[in-house]
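Here the structure is laid out as structure tokens; the discussion comes afterwards.
Bear in mind that the values in this text are calculations on the coordinates, not laboratory data. As the structure is a computational prediction, the values presented were derived from the model and not from experiment. All Cβ positions, even for glycine, are placed from backbone atoms using ideal geometry, and neighbour counts span all protein chains on display.
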Amino acid sequence: MPFDVLRRLFVHAPAAGRRPVDTSDDEVYPIHTLDGREGTQNLLLSWMLRFDDVLDAQMLYRSLCRLIELGDWRKLGGRYRRNQASCHESSQHGKLELHVPKQFTLQRPAVNYSHGLNLEMAMEKDAVGQHLPRQADRPYFQSSHVDFMPLMGPANMPTTLEQMTDRDMPQLQLHIESFQDGTLVTVSFPHVLMDGIGFKSVLTAWSLVLAGREQDVPAVHGAKTDVLQSACIDEDQKGEELVLKAVILRRLNRFLFYSRLLLDRWMNPEPQRRIIFLPAAVVNQLKWQAQQDIMDEGGPIDHQTPIISTGDVLLAWAIRLITSSESGPHRPVTAISAFNARFTLPELNLPAVAYPQNMFLETFTLLSAPKDGSSAHGSLGRIALAHRLQVAKQTTAEQTRSQVRAKYQPRARLEFYGPDKALPIVFNNVSKANVLQTVNFGPAVLAARQAEPRRPGSGSAVYHHFCVLKRRESNFRNVFAVFGKDLEGNYWMTAALAPWTWDKLQDEFDNLPSASGKVAAM
């Protein structure tokens with residue numbers, strides 16, 4: 001994920017764990033280069049989905065276990081180990097490997113499963129469940145100081161990769177909370193396993209197994225062979241130079257950028273993390289305004305519609321929000337986003353194929369400091385279009401290959417592009433995962449528990465969010481993560497922002513002509 005770009009500057013490698021149990025009979029799967037980046041090893045992700053149906057928890061658990069028995073989906077049932085004999089190849093802690101038991105047993109299951117039963121209680125009556133975000137007819141942001149972890153897993157669930165290796169735990173943790181009027185399904189896993197699009201492939205396959213359609217489950221490719229390496233690295237071809245090569249930070253400029261980042265972290269208050277809800281009507285209005293801006297300023301159009309996406313507009317909105325709330329001299333902006341090689345390399349765009357692994361790479365959008373003294377860095381449309389045009393140049397198939405080659409170099413390090421005085425803004429948009437549109441747990445709906453007849457969409461999630469189980473980048477601000485849109489077209493996201501930026505956002509919501517957005521009471 002793109003906030004990995006900032007966090008990896010300061011996260012230390014975890015301590016080596018105790019010697020694991022005997023794994024001599026396990027099948028060993030390799031950890032590919034993008035999976036094993038230091039930043040992914042330091043993150044455990046937890047993805048919660050909320051259903052307005054009471055689901056059969058055992059049916060969900062059994063179907064997920066069944067999926068992990070099919071072909072190389074077995075990879076999902078592995079345990080991480082550090083090969084101490086390979087210390088010279090990786091780090092002082094040993095090279096990371098994935099060990100999959102030949103046979104899953106009660107002692108070494110495919111999934112670590114837990115279940116909370118609250119069938120006599122409505123979700124909104126639960127001390128934590130009542131704070132879960134809900135749809136509204138107006139935009140709002142909700143304080144996220146409430147800890148949702150009691151509903152996302154048991155108190156002793158691991159929060160680091162080393163805890164998992166110490167305890168010989170499977171990498172998938174499934175926790176289900178059953179209420180009188182709904183169900184929470186949470187899947188937690190190390191980022192080493194996969195990215196958001198990889199998680200989508202798991203939800204797709206899991207839903208198919210649940211529906212009794214094992215024959216339609218896509219085959220896993222790349223479990224034992226690094227398909228990215230095969231697609232991008234040809235010893236006989238040098239390939240294109242990175243389009244950003246001329247603006248890479250080197251030596252003194254690199255030192256100055258990191259120093260400013262540290263100083264900002266130490267001198268300013270800790271950012272506040274909140275969940276933001278934007279109704280479909282507000283998002284549509286933002287996109288319309290951006291399109292009008294581009295056409296009014298003579299920008300490119302395609303059949304009378306500017307070539308920008310909703311994601312471009314949301315990033316531009318975030319940039320304008322942050323920069324207009326900042327005091328002091330206005331700085332250039334570097335917006336760090338992610339794109340996925342699955343969508344840019346034709347070799348990987350195959351039908352009926354799944355890649356439960358990491359294939360995300362970074363893009364950098366560079367915006368100059370305003371020359372007229374304003375803080376907005378341009379209109380909404382101008383920023384969205386600048387982002388779209390720069391990203392288009394950085395995400396061609398050849399540029400994707402060039403970036404992969406750079407990351408696969410021995411001792412490849414984290415690089416940053418743009419001016420050293422830039423204000424970094426991280427924008428992680430996982431909308432393409434289409435989580436709510438992908439998952440279909442309809443076969444697990446318990447009709448006897450429903451207060452009304454089965455309805456269209458029964459078994460579909462109505463809300464989801466992901467979080468990091470143990471955060472170490474707590475002082476970084478100006479970080480956005482877009483979860484995507486729900487079934488009604490509303491957008492959900494989370495952000496870590498300075499207090500004065502949240503004040504600015506509240507002012508914007510208050511001044512909307514159609515509605516007055518207030519902070520949800522907690």
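Numbers at a glance
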| quantity | calculated |
| --- | --- |
| Residue-wise HN-Hα coupling along segment 43-53, computed from phi with Karplus coefficients 6.51, -1.76, 1.60 (Hz; x: Gly, Pro) | 10, 10, 9, 10, 10, 9, 10, 10, 10, 8, 10 |
| Ordering of 255-266, 476-487 by packing [mean C-beta count within 10 Å, highest first] | 476-487, 255-266 |
| Links that overshoot a 21 Å alpha carbon limit, given the list Lys432/Lys485; Lys102/Lys224; Lys245/Lys432; Lys95/Lys432 | Lys245/Lys432; Lys95/Lys432 |
| Ranked packing of 428-438, 179-189, most packed first, by mean Cβ within 10 Å | 179-189, 428-438 |
| Long-range HN-HN contacts of Ala122 with modeled amide H, under 5 Å | Gln180 |
| Virtual spin-label span in nm between Gln229 and Ser324, 7 Å along Cα→Cβ | 4.9 nm |
| Volume per residue of the C-alpha convex hull in the chain, rounded to whole Å³ | 170 Å³ |
| Amide proton proximity set for Thr33, modelled H, under 5 Å, gap of 5+ | none |
| Phi-based couplings in Hz for segment 217-229 (Karplus 6.51, -1.76, 1.60; Gly and Pro marked x) | 5, x, 6, 7, 10, x, 5, 10, 10, 6, 5, 5, 5 |
| Packing-based exposure ordering (other Cβ within 10 Å, fewest first) of Ser309, Ser178, Ser230, Ser24 | Ser24, Ser230, Ser309, Ser178 |
| For segment 27-220: span of alpha carbons on each principal axis (Å, largest first) | 55, 40, 32 |
| Per-pair calculated FRET efficiency, R0 = 25 Å: Leu414 and Leu263 via Cβ, rounded to 0.05 | 0.85 |
| Amide H contacts of Gln171 (H built 1.01 Å from N, under 5 Å, at least 5 apart or other chain) | Gly78 |
| Karplus-derived 3J(HN,Hα), 6.51/-1.76/1.60, for each residue of segment 413-425, Hz, glycine and proline x | 10, 5, 10, 10, 10, x, x, 5, 8, 5, 8, x, 10 |
| Per-bin percent of Cα-Cα distances, segment 255-302 [5 Å] | 5, 15, 11, 10, 9, 8, 15, 21, 6, 0 |
| Mean ellipticity per residue at 222 nm, deg cm²/dmol - from DSSP H runs of n ≥ 4 across the chain, formula -39500 (n - 2.57) | -8000 deg cm²/dmol |
